[in-house]
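Notes to accompany the following structure.
Laboratory data are not the source of any read-out in this text; all were calculated from the coordinates shown. Note that the coordinates shown come from a computational prediction; the quantities given were computed from them, not determined experimentally. A quick note on method: Cβ atoms are made from the backbone with ideal geometry, for glycine too, and the neighbour counts reach across all protein chains shown.
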Amino acid sequence: MKIFFYTAAAVFLLSACFRAEPVTPESARAQWQRVEQLRTNQPIVNLIGTPFEVYVITDSEFARITRTDTLIEKRPLFVGDGAIGRPILDENFFARYTLDEGKDVLEFHLTRNPGQVIRFVADDLKLPSDNSVQIDREARLNGAFNDTETQFVLLTIVNFHYVAFWFDIEPDTDYNEILSITPTHRFDMNDIPAGEDELQSVRFIDGNYYVGTKSGAYRLTPDGQGARPQLIGDTGRWIVDFFKKDNRIFATGFNAFDQHVSLDGGQSWVRPGAESDLQEVEVVGDSVFTQQGIGFPWQLARTDLLKTDEIFYGDEIETDAGSNNSFYGIGYTDGKFYISYDKDIYFIEEVEVVEE
C-alpha cells in the first residue's frame, strides 16, 4: 500500500505541461490562419509537423509545405481500387494502404523522393495455415515506425485474431532512398479477436511498441516478442492510446477511470487516482492535445493531464456536431501549431482556449 501511495504521489508531483492561457476579450484573440497555397482535392486524413516542414496526406495526394507555409510538393498517389485505413506519417517515410485488384497492399514511400515506392501484398505474408492477411481499415493508427525509422510494425487480422508483422528498413545515409525492406518477425495475438473498432492505436515509445485495443494492451519489442503489461493488459480493459510526457508513459482508456501511468519505461503501471478526459492523444510541441474520437475537434489537456479545455478556433472553423469528421491531424513546427480541417490546413502561434 505504501509503494502505491508514493508512486501515485510521484505521478502528481511530476505532472507538468505547457498550456495556452485564454485571452480576453474574444475579439482580441488571434485567429487561426488558413494556408492559402494548399487545398487538397479530398479530405486530409493525417498531418504532422517535422523540424523543417509540414506534411499532409489524403487518400490520393501527399503534400509538403515549408515553415513559411510555401507549397513545396503536391504528389499524386496511386489509388487502384481504393485507399484503405489511415496512412502513418513520419519525417522520412510514410506508410499507406490500398486495394489493388481486390488485394490489401502496404506501401512504403519516401517523403522527399517521389520516385521510389515499395509495395507488399498483405496475403504474401501469410503462412500455409492462414486464411488471409487483412489490413485493419478502421483503426486510428494500425502501425508505427520506430524512432530511427529503420523498422515498422503493422497490425493485421489473420484467422480472426490480430497479428503483428515487423519490417526492417534499410535507408541510405540521407534517407532519400530505401535500400531494402525485409519482413522479419511475426507475433500472433490470439486473445485479441477481430471485431468492429477492436484495434485502437499502435505507438512506438521508449524503444517498444504499444498496442491499444478494446480487449486490453500489448507491449511489443523490436525483436518480435510481445506480452500483456500488468493492469493495462487485462482482457477487460479498453485501452485507447499511449503517449509520453515528462519521462512518463500514459495509457488512456475508453472509460474515464482507465488512465494508467508508468514511471519505469512501461514495466509497471498505476492509476493516477482520478478520472481522465484524455482518449486519442497527440503530443505536439510542449502541448498535449486529445480527441474524443478521430475527426472530432481537438481539445487541449490541462496541466494535470486529466482534464481538458475546448480550443478557441474562431469563425472559419466549425466545431459543432456536423464537424466531427473534419479534424484528422495536428502538428507543430517553427513556433506554429497546424491542424487539418477537412481539405484545408490552419495555423496559429499560440493556442487559446474557450473561457468557461
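The set of residues in region 270-312 that are assigned to a loop (DSSP other than H, G, I, E, B) and of a type in the set (V, I, T) comprises I294, T303. Residues in region 326-353 that are of a type in the set (S, T, N, Q) and assigned to a strand (DSSP E or B): T333, S340. Inspect region 241-253 for any residue being in a loop (DSSP other than H, G, I, E, B) and in contact with a His (Cβ under 8 Å, 6 or more places away or on another chain) and give the result as yes or no. Checked region 241-253: no residue is in a loop (DSSP other than H, G, I, E, B) and in contact with a His (Cβ under 8 Å, 6 or more places away or on another chain).
Selection of region 70-79 for residues being in contact with a strand residue (DSSP E or B) (Cβ under 7 Å, 6 or more places away or on another chain) and more than 25 Å from L199 (Cα to Cα) yields L71, I72, E73, K74, R75, P76, L77, F78.
Evaluating T290 against the criteria (1) touching a Ser or Thr at 6+ places or on another chain (Cβ under 8 Å); (2) over 26 Å from R86 (Cα atoms) leaves one unmet condition, (2). The sole residue among G207, G216 that is in contact with a Pro (Cβ under 8 Å, 6 or more places away or on another chain) and of a type in the set (G, A, S) is G207.
Scan region 281-303 and tell me whether some residue there is within 22 Å of P229 (Cα to Cα) and of a type in the set (S, T, N, Q). There is no residue in region 281-303 that is within 22 Å of P229 (Cα to Cα) and of a type in the set (S, T, N, Q). Among the residues of region 56-85, the one identified as of a type in the set (A, V, I, L, M), surrounded by fewer than 15 Cβ atoms within 10 Å (Cβ to Cβ) and out of contact with any Ser or Thr (no Cβ under 9 Å at 6 or more places or on another chain) is L71.
If the condition is being buried (at least 22 other Cβ atoms within 10 Å of the Cβ), closer than 17 Å to V105 by Cβ and hydroxyl-bearing (S, T, Y), then region 123-174 contributes only T156. Scanning region 88-103 for residues that are over 13 Å from the mean Cα position of the chain (by Cα), in a strand (DSSP E or B) and without any contact (Cβ under 8 Å) to a residue 40 or more places away in the chain gives R96, T98, L99, D100, K103.
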